[in-house]
Amino acid sequence: MDSIWRDLRLGLRTLLKDRSFSVVTILTLALGIGATTAIVSVVQSVLFRALPFSNSGSLVFLSETVGSGAGSVSYPNYLDWRNQNHVFSELAAYSSSDLNLMSTGPAERIYSEVVTDSYFPLLQVTPVLGRNFSFEENRNPGAPPVAIISHGLWKREFAKSATILGQTIKVNEAAFTVIGIAPETFNGVTGRADVWIPLNMRDLLFPEGAPFHFNAQRDIHWHRVVGRLRPGVTLGQARTEMNAVGARLSHEYPQANRERGVQVTSASETYVGRLRSPLFLLLGAAGCIFLISVFNVANLFLIRAMSRQNEMAVRSALGAARCRLAQQWIVEGTIIAVAGGTLGFLLAAWSIGSIVSVLPVRLPAFSTVQIDRGVLAFTSIISVLTGALLGLLVTLRASRRDFVSSLKEGMKSSQGRLRVQAGSFLVIGEIAVAVVVTIGAGLLLRSFQQLRHADPGFKADHLLMTRFDVPATKYKDEARLRLGPAIAERIASLPQVRSAALTTLDPFVRSGINRSITVEGHTPLSASEQDDIYVQEIGPQYFETMKIPVRAGRDFTVRDNSAAPHVIIVSHAFAQRYWPGQKAVGKRLKYGPLSSGYNWMEVVGEVGDVRFTSLRADPNSSFVIYAPIMQSEVITNISILVRTRTEPESVAASLRQEIQRFDAEIPVYSIATMDARIEGETEATRSFAVLLAIFACLGGGLAAIGAYAAMAARVSRRTREIGIRMALGADPRAVVRMILAQGARLALFGVTVGIAGGLWVTRFLVAQLYGVPRTDLLTFVAAAILLCAVALAACLIPARRAMRVDPISALRQE
């Protein structure tokens, strides 16, 4: 310990004396360790922290499967799953939606979960005040309406009053008695619920759907199911049994359940499974920056060791063992690494909020990213290990030198013959890793560019949209159908508006309703085909407002109302799928199976394909059918789309005012431009590209520092040789070319290795790319040229310094 203490003091004095070396190495390590620490904190907080549920390891989520996809569950199927399984202690069904909380002021938009009575007991959640739902409240249609509210809503709206129990709150115009307050840390399985309603009371929230008895229909799928495994039951056993249950129900109900199975997924996989790939990719990119920084500092340490050979030779001659010399280097390396790690940790803590805000993934609502003791321990460990490795690297290189020979060579010449292969390999490694990160950033930037220019099938400029609820008690039957068109006509008369139209679904927000259909003259559609078809209800002028081309037939008009024959318009992809080579206009289809009581609907138009769900969607597989909103069965809320003459943002206030001037009781929300919606659609790719671009810049900068340091050391070592060359008449420009040629060789080796690494690494980026192959030649060439240019630019300074060597001074040193 005494010798370590002496080495520590000597190391500190030495590093303080050579401040430029210390500052560069500490900052270099701080960047690498800081980037890695920040991403590790995200990964640890999201992927490795326990879910906020009791005994979350036994929680699973169940979905219906069709082909390779998984989706929502019908209520009758849920009941059969619950009754026929032996692997779950309990199952609960739930669905979620936005609701209006009515109070003295404007309606507040809140998020809700409609749940079965088994929901809270399954999740082992007990209200802090009041009670859970009872069996009768969930199963008895005549039970008094009740609700449980979140701790946050209780605090926000009711000032945590204990008298809230037994009071009524008005949600979507229906009065519910509050019977419980959820714990402060619980916001449901969605992570953001403010109110819970018994599933049986959903029709009170949406009374217009009550006559259709959706919960009794096996072909209506809109619930999610959560379950808890019995003690001792594995996930594999649960999947095996539920596969058998699904096959049995498919046989018993061939019309509704044909081709439908059951998927059982662990809670951990449900919440964070989709995040693993992008977060590990970011962790890999941060690890590359850390690797480059370590390579860089290792190279600087080797150069520093070159200048201190005589010091080590003198120590050895005075009796110092090689292990003592090794200890000195390890202590100095550890001092540098710990200082860099400390600064890196502070940089990570300072930047973590900004990094989370630009992450290319949406984290679960309950995830809180923070720098904790685990992250601090990680930073400490990699800092100490890095310092030890730096010291060992110098020791291994020095062990190949004969210190006695070094003393005989003299102070100046002893610096000249240390082999530089290790330093060259480190520079090649830096450049190679920087090339890999740059290729990844380039591919994502190209993908973002392709997404920005992807054709959604309509014109997004000057398009504004907002959504509003239709009060159920005030507008019924025909008045409910006429409300939307009346508001659209009023909006269209504004001077800033070119046209206005209605839709029940917003592009990129609500993708469409899946309904089973029968196409006349076509064999019954499979379950997977049914799930690929979206139904959208729209008003007149919709296609004109959206600038969607009408390829054949006509648009809807005000005459397509509830009294008129039922009509429909189909997308071009739908027409090509079911009537290839034929005219779609005049064909017929209907909702439900052939035996259903729904009317046949005649196709009166064919329109262009539109990407409603995502810009990444294949327009040729976007099967959409459009129905007149005036012939709708159920209307709960409507979106109005407005094409403006001026900038759409300037019309937003007028749009809201005009709707509430029509009826002040209509809740208006979600005002946004279509450009903003599309920008949000590309946000993940943009964020991914920005983060990787930042890492690429860091990697390129560090690689430039490494190349500069290596070439500067070579020039310093060859000063006498350069002096002799110039004394014998060598052209200074030839000296520059010689140095640059050496740098170019290192850069080319590094770029070659980097391209090979990029071809392997980009396999993991495929899911994030759009419109760009992972082997895109332009990106690979651009990354190679960029890193070569950076490396050569870094070599230019020592090359110019070599050109200015004074031959007399160089020879005099000998």
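The values are calculated or read from the model by the stated rules, or taken from the named source; none is laboratory data. The shown structure was predicted, so the numbers you read here are calculated from the model rather than taken from an experiment. Don't worry about glycine lacking a Cβ; one is built from the backbone with ideal geometry, like all the others, and counts go over all protein chains shown. Surface accessibility is based on the protein's heavy atoms, side chains included, excluding ligands, DNA and RNA. Shrake-Rupley method; radii C 1.70, N 1.55, O 1.52, S 1.80 Å.
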- Message: So LYS155 ticks every box in (1) within 32 Å of the chain's Cα centre (by Cα); (2) assigned to a loop (DSSP other than H, G, I, E, B) but one. Which box is left unticked?
- Response: (2)
- Query: What number of residues within region 695-715 are among the small types (Gly, Ala, Ser) and in contact with a Cys (Cβ under 7 Å, 6 or more places away or on another chain)?
  - Reply: 2
- Message: I'd like the residue in region 219-245 that is within 16 Å of PRO76 (Cα to Cα) and of a type in the set (A, V, I, L, M) and, out of all such residues, is modelled with the lowest pLDDT.
- Response: ILE220
- If you take the residues in region 678-709 that are β-branched (Val, Ile, Thr) and open to solvent by 30 Å² or more (accessible area, probe 1.4 Å), which one is modelled with the lowest pLDDT? ILE705
- Message: Please go through (1) under 30 Å from ILE517 (Cβ atoms); (2) at pLDDT 90 or above for GLU269 and return the number of the only condition it doesn't satisfy.
- Response: (1)
- Item | Hits in region 74-94 (condition: surrounded by fewer than 19 Cβ atoms within 10 Å (Cβ to Cβ) and among the hydrophobic types (A, V, I, L, M, F, W, C)) | LEU79
- Query: Residue check: is ASN138 among the polar types (S, T, N, Q) and in contact with a Leu (Cβ under 9 Å, 6 or more places away or on another chain)?
  - Reply: yes
- Contacts under 8 angstrom Cβ, first residue in region 657-675 being among the basic types (Lys, Arg), partner modelled with pLDDT of 85 or more and open to solvent by 20 Å² or more (accessible area, probe 1.4 Å), 6 or more apart: none
- Message: Cβ contacts < 8 Å: first residue among the hydroxyl-bearing types (Ser, Thr, Tyr), restricted to region 360-384; second residue part of a loop (DSSP other than H, G, I, E, B), any location; separation 6+ or different chain. Result?
- Response: SER367/ARG49
- Message: I'm checking my understanding of the structure. Among residues of region 106-124 that are surrounded by fewer than 18 Cβ atoms within 10 Å (Cβ to Cβ) and of a type outside the set (S, T, N, Q), which one is nearest to GLY57 (Cα to Cα)?
- Response: PRO121
- Item | Contacts under 8 angstrom Cβ, first residue in region 253-274 being farther than 15 Å from GLY69 by Cα, partner part of a helix (DSSP H, G or I) and open to solvent by less than 70 Å² (accessible area, probe 1.4 Å), 6 or more apart | SER266/LEU235; ALA267/SER56; SER268/SER56; VAL272/VAL46; VAL272/LEU47
- Qualifying positions in region 286-308 - of a type outside the set (Val, Ile, Thr) and either open to solvent by 10 Å² or more (accessible area, probe 1.4 Å) or not in a helix (DSSP H, G or I) (or both): GLY287, CYS288, PHE290, LEU291, PHE295, LEU300, LEU302, ARG304, ALA305, MET306, SER307, ARG308
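Residues are listed down the side, and each one gets a yes or a no for (1) exposed (fewer than 14 other Cβ atoms within 10 Å of the Cβ); (2) in contact (Cβ under 8 Å) with a residue 40 or more places away in the chain; (3) part of a helix (DSSP H, G or I):
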position: THR518; (1), (2), (3): no, yes, no
position: SER528; (1), (2), (3): no, yes, yes
position: GLU537; (1), (2), (3): no, yes, no
position: PRO540; (1), (2), (3): no, yes, no
position: THR545; (1), (2), (3): no, yes, yes
position: ARG551; (1), (2), (3): no, yes, no
position: PHE556; (1), (2), (3): no, yes, no
position: ARG559; (1), (2), (3): yes, no, no
position: ALA564; (1), (2), (3): yes, yes, no
- Filter region 347-379 down to residues that are among the aliphatic types (A, V, I, L, M) and either surrounded by fewer than 14 Cβ atoms within 10 Å (Cβ to Cβ) or touching a Gly at 6+ places or on another chain (Cβ under 8 Å) (or both) and give me whichever is farthest from ARG276 (Cα to Cα). LEU347
- Message: I'm checking my understanding of the structure. Among residues of region 602-626 that are at pLDDT 90 or above and open to solvent by 10 Å² or more (accessible area, probe 1.4 Å), which one is nearest to the chain's Cα centre (by Cα)?
- Response: ASP609
- Item | Filter result (part of a helix (DSSP H, G or I) and open to solvent by less than 20 Å² (accessible area, probe 1.4 Å)) within region 259-272 | ALA267, VAL272
- Message: Of all residues being open to solvent by 20 Å² or more (accessible area, probe 1.4 Å) and charged (D, E, K, R) in region 481-508, which is nearest to the chain's Cα centre (by Cα)? Just the residue, please.
- Response: ARG498
- Task: Mind telling me which of the residues GLY680, GLY699 ends up being out of contact with any strand residue (DSSP E or B) (no Cβ under 8 Å at 6 or more places or on another chain), farther than 26 Å from ALA454 by Cβ and assigned to a helix (DSSP H, G or I)?
- Result: GLY699
- Query: Looking at THR36, THR25, THR14, THR65, which one is closer than 30 Å to ALA527 by Cα and β-branched (Val, Ile, Thr)?
  - Reply: THR65
- Query: Which is touching a helix residue (DSSP H, G or I) at 6+ places or on another chain (Cβ under 6 Å) and surrounded by fewer than 18 Cβ atoms within 10 Å (Cβ to Cβ), of SER41, SER56, SER97, SER103?
  - Reply: SER56
- Just a yes or no: is a residue in region 502-510 out of contact with any Pro (no Cβ under 9 Å at 6 or more places or on another chain) and assigned to a strand (DSSP E or B)? yes
- Given LEU15, LEU29, which one is touching a helix residue (DSSP H, G or I) at 6+ places or on another chain (Cβ under 7 Å), touching a residue at least 40 places away in the same chain (Cβ under 8 Å), of a type in the set (A, V, I, L, M, F, W, C) and surrounded by 23 or more Cβ atoms within 10 Å (Cβ to Cβ)? LEU29
- Message: When you check ILE659 against the structure, is it within 35 Å of the chain's Cα centre (by Cα) and either open to solvent by 20 Å² or more (accessible area, probe 1.4 Å) or of a type in the set (A, V, I, L, M) (or both), yes or no?
- Response: no
- Any residue in region 21-41 that is modelled with pLDDT of 90 or more, in a loop (DSSP other than H, G, I, E, B) and of a type outside the set (Asp, Glu)? no
- Message: Any residue that is without any contact (Cβ under 8 Å) to a residue 12 or more places away in the chain and at negative phi - is there at least one of those in region 36-44?
- Response: no
- Message: Need pairs with beta-carbon distance below 9 Å; first residue under 14 Å from SER650 (Cβ atoms) and part of a loop (DSSP other than H, G, I, E, B) and within region 480-498, second modelled with pLDDT under 90 and open to solvent by 40 Å² or more (accessible area, probe 1.4 Å); sequence gap 6+ or separate chains.
- Response: GLN496/SER650
- Task: Under 7 Å between Cβ atoms, at least 6 apart or on separate chains: pull out the pairs that start in region 453-466 with a residue that is of a type in the set (D, E, K, R) and end on any residue that is at pLDDT 90 or above and open to solvent by 10 Å² or more (accessible area, probe 1.4 Å).
- Result: LYS459/LYS547
- Task: Might you let me know whether region 630-637 holds any residue that is touching a helix residue (DSSP H, G or I) at 6+ places or on another chain (Cβ under 6 Å), in a loop (DSSP other than H, G, I, E, B) and among the β-branched types (Val, Ile, Thr)?
- Result: yes
